[in-house]
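Beneath this line is the structure, given in structure tokens, with notes to follow.
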Amino acid sequence: MAGFPSPFGDDDDSSGGLFGDYDEFDAEHNPTPGQFLRGHDVLTGEDHVEFHQVTKEIFEERSVYDMTFGYNLARLNLDTRHPKAGYRYAEESDDPSILRAEFTPTTPFCPQSDTLTKGSFRAWNGLSERHDYDLVRVRVDQMHHRYDEINEALEELEAEYLETGTLTHVPEGGRDGPEGRAGGSGRRGGKSGCSDGTGGTSRGYGPDAPF
């Protein structure tokens, strides 16, 4: 329908200026680094852009999608409606071969933050040949009301990966924790999302959907 941006398609030109560009870093339209990144070398400018562009490709291959808005999760950083949501990154101060990734959801009550962060971990570490890091560690920002529980589960997933060198595969339709299938657990990873408080729902229709 003319006049409405598509809720699907990561590179839709009809978005009406709602999104920034993957090749630009705008600190005003990215989350503020939180506790997990504090004291480490936070990526900015071209360093952030380069890794986030790779993230877009990895998330696309592993289907790490926010289905509230119907797009690749990497695009959340570019969504001008949610300038403080998405991922920030930092190289560990004592080991730059390890990257820390901190996810800030659109709302403190995002019900799928657990699924999205697990899917991100599996995608980044399952396709580690696509980037320069030996390990990407993932946590949710403390603004989430269940951050301690979610981060504890992410720590366990990380420890299992470091011990075994493999990533747990959750079969299609299987469950991973109390919130269902883990997004991005395999090539056909799960798709999930967050309510944004502006009319979006977990069915994949954002506030600009033409229906």
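The values are calculated or read from the model by the stated rules, or taken from the named source; none is laboratory data. The structure presented is a predicted model; accordingly, all values stated were derived computationally and were not measured. Cβ coordinates were reconstructed from backbone atoms using ideal geometry, including for glycine residues, and neighbour counts include every protein chain displayed.
Some observations on this one:
- Residue in the range 100-115 that is hydrophobic (A, V, I, L, M, F, W, C) and assigned to a strand (DSSP E or B) present: yes
- The condition of being modelled with pLDDT under 95 and not β-branched (Val, Ile, Thr) does not hold for GLY126.
- Some residue of the range 41-49 being out of contact with any Ser or Thr (no Cβ under 7 Å at 6 or more places or on another chain), among the hydrophobic types (A, V, I, L, M, F, W, C), assigned to a loop (DSSP other than H, G, I, E, B) and within 22 Å of ASP94 (Cβ to Cβ): yes
- For LEU99, the requirement of being surrounded by 21 or more Cβ atoms within 10 Å (Cβ to Cβ) and within 17 Å of ASP132 (Cβ to Cβ) is met.
- Members of the range 40-71 that are over 19 Å from ASP26 (Cα atoms) and not charged (D, E, K, R): HIS40, ILE58, PHE59, SER63, VAL64, TYR65, MET67, THR68, PHE69, GLY70, TYR71
- In the range 32-76, residue modelled with the highest pLDDT [restricted to those that are hydroxyl-bearing (Ser, Thr, Tyr) and under 21 Å from GLY119 (Cα atoms)]: THR55
- Flag if PHE36 is assigned to a helix (DSSP H, G or I) and crowded, with 20+ Cβ neighbours inside 10 Å: yes
- The residue that is surrounded by the fewest Cβ atoms within 10 Å (Cβ to Cβ), among those in the range 127-154 that are over 15 Å from the mean Cα position of the chain (by Cα) and either of a type in the set (Gly, Ala, Ser) or part of a strand (DSSP E or B) (or both), is SER128.
- Total residues in the range 119-146 satisfying the condition of being farther than 22 Å from GLY34 by Cβ and touching a strand residue (DSSP E or B) at 6+ places or on another chain (Cβ under 7 Å): the figure is 1.
- Among (1) assigned to a loop (DSSP other than H, G, I, E, B); (2) under 15 Å from LEU37 (Cα atoms) - the single one TYR87 does not satisfy: (1)
- Pairs, first closer than 18 Å to ASP79 by Cα in the range 98-127, second modelled with pLDDT of 90 or more and in a strand (DSSP E or B), C-beta under 6 Å, six or more apart: GLU102/ARG88; GLU102/ARG139; PHE103/TYR87; PHE103/VAL140; SER113/VAL140
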